[in-house]
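> First the structure, then my questions, so here it is.
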Amino acid sequence: GVADGQLRMFHGRGEHDLGPVAAMPLAAGGHSVFNVSNLAAAALAAAGLGITAETIAEVFARFGRDPADNPGRLMRYEVGGLNLIVDFAHNPAALAGLADFAQHLRGKGRLALLLGQAGNREDADIDRLAEVAAKAKPDYVVVKELTSYLRGRAGGEIPALLRRALGRAGVADERVADAAGEDQAVRMALGWARPGDVLVLPLH
């Protein structure tokens with residue numbers, strides 16, 4: 001767990017200081033709460049395999065600094081004054097964690113996010129995803145069609161469900177746009193954004 005900003009591990013009969021959470025790249029300054037949990041679980045798994053606390057601490061201090069370490073997961077970029085977050089968030093819990101992290105970057109900037117889902121999900125799961133997105137109070141949402149993930153659904157069916165759920169959750173219709181695919185969705189978000197904005201890009 002975390003105590004006084006340090007990740008501490010209790011294993012066997014010993015207590016080990018694994019270093020400051022804010023300095024661990026995966027923790028993103030300590031703001032990525034879900035990754036702090038992932039680091040804690042990884043530490044215990046590694047210790048259970050016999051890896052020393054010193055080695056665990058050394059890896060945690062550097063892993064995630066290089067985008068190639070953990071591709072597709074909480075990849076952060078600053079481009080032209082925009083804060084971009086790319087992640088394979090494809091369920092409500094993952095999107096909630098991503099949105100929570102985005103709020104720490106937001107400052108006075110606006111928030112945009114992409115929203116799409118594979119067709120082999122229950123309607124209730126799709127509604128829940130939209131509800132989580134709405135709770136982030138986005139200024140702009142691009143609902144994207146995932147043609148390679150229809151999985152038995154008709155074209156346009158998932159975007160329509162997402163749009164309706166966003167409306168029920170209080171997202172004004174003028175804040176929602178439609179994209180025929182991920183490339184177009186990203187380009188639309190980039191075209192809308194201005195310096196200081198945060199773009200949450202959950203990509204499949």
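> So what's the gap between the Cα centers of the stretch 156-204 and the stretch 5-20, to the nearest angstrom?
42
> Given that compact globular proteins tend to follow 2.2 N^0.38 Å, what is the ratio of the alpha-carbon Rg of the stretch 25-75 to that value?
Taking N as the residue count of the stretch 25-75, the ratio is 1.12.
> Amide H neighbours of Ala89 under 5 Å, counting only residues 5+ apart in sequence or on other chains, H built in-plane at 1.01 Å?
Amide H neighbours of Ala89: Leu203.
> What's the FRET efficiency of Ala23 with Gln184 using the Cβ-Cβ distance as r and R₀ = 35 Å, to the nearest 0.05?
0.35
> Tell me which lysines have Cα within less than 23 Å of Lys108's Cα, excluding those fewer than 8 residues away on the same chain?
Lys135, Lys137
> Let me understand the chain better: what is its radius of gyration from the alpha carbons, and its Dmax, in angstrom?
For the chain, the Cα-based Rg and Dmax read 18.8, 58 Å.
> Calculate, in nm to one decimal, what Asn38 and Thr52 gain on full extension: separation in residues at 0.36 nm each, minus their alpha carbon distance.
Difference between extended and current length: 3.2 nm.
> Continuing with the same structure: Quick one: work out Rg over Rh on the C-alpha atoms of the stretch 93-189, Rh as Kirkwood radius.
0.95
> Using a Förster distance of 30 Å, how high is the FRET efficiency between Ala3 and Phe63, based on the Cβ-Cβ distance and rounded to 0.05?
0.90
> For Lys144, list the aspartates and glutamates whose Cα falls under 18 Å from its own Cα; do not include residues on the same chain fewer than 8 positions away.
Answer for Lys144, where 18 Å is the Cα cut-off: Asp87, Glu122, Asp123, Asp125, Asp127, Glu131, Glu157, Asp173, Glu174, Asp178, Glu182, Asp183, listed by chain and number.
> Can you compute the helix-only [θ] at 222 nm over the chain? Use -39500 (n - 2.57) per DSSP H run of at least 4 residues, normalise by all residues, nearest 500 deg cm²/dmol.
-12000 deg cm²/dmol
> Give the carbon-plus-sulfur fraction of the accessible surface of the chain in %, rounded to a whole number; probe 1.4 Å, heavy atoms of protein chains only.
The C+S portion of the solvent-accessible surface of the chain is 54 percent.
The values are calculated or read from the model by the stated rules, or taken from the named source; none is laboratory data. These numbers were taken from a predicted model, which means no experiment stands behind them. Cβ: placed from backbone, ideal geometry, glycine included. Neighbour counts: every protein chain shown. To get the accessible areas, we keep the full protein, side chains included, count just its heavy atoms, and leave off ligands, DNA and RNA. Shrake-Rupley method; radii C 1.70, N 1.55, O 1.52, S 1.80 Å.
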